[in-house]
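Below is one structure, written out as structure tokens; the observations come after it.
The values are calculated or read from the model by the stated rules, or taken from the named source; none is laboratory data. Because the structure is predicted, anything quoted here is derived from the model rather than measured. Quick reminder, even Gly has a Cβ in these numbers, built from the backbone with ideal geometry, and neighbours come from all protein chains shown. Note: accessible area is taken over every heavy atom of the protein model, side chains too, but ligands, DNA and RNA are not part of it. Shrake-Rupley method; radii C 1.70, N 1.55, O 1.52, S 1.80 Å.
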Amino acid sequence: FQLNKLAVGAVFILNGGVYAVTAPVWGWICDHTDHQKLITLAGAIFTILGFIFIGPVPYFPYDTTLPMSCVGLALFGLGLAAILVSAFLQVLKDAM
């Protein structure tokens, strides 16, 4: 995409930034529901959608662009937060 160093860093931090911002939200949702497995499933769907945008998959009719890659990374961070937070809480609940 012919980005400078600062823009490349910003794109790479997008995934972790979205994860850091949304992990407490997913934790709050998991604390107020007993459906951690459904939240894990929702996170997996967000992750799959993120990879579809980053790729893109061959049947996706668009070329790879910077905004589409950024949306894919954001979806991946959102999904990763949902998966990791809900899985941790589910394991903790099962252990107790």
Can you find a residue that is more than 25 Å from Phe1 (Cβ to Cβ) and surrounded by fewer than 12 Cβ atoms within 10 Å (Cβ to Cβ) anywhere in region 46-66? no
Count of region 1-37 residues which are open to solvent by 100 Å² or more (accessible area, probe 1.4 Å) and within 26 Å of Lys93 (Cβ to Cβ): 7
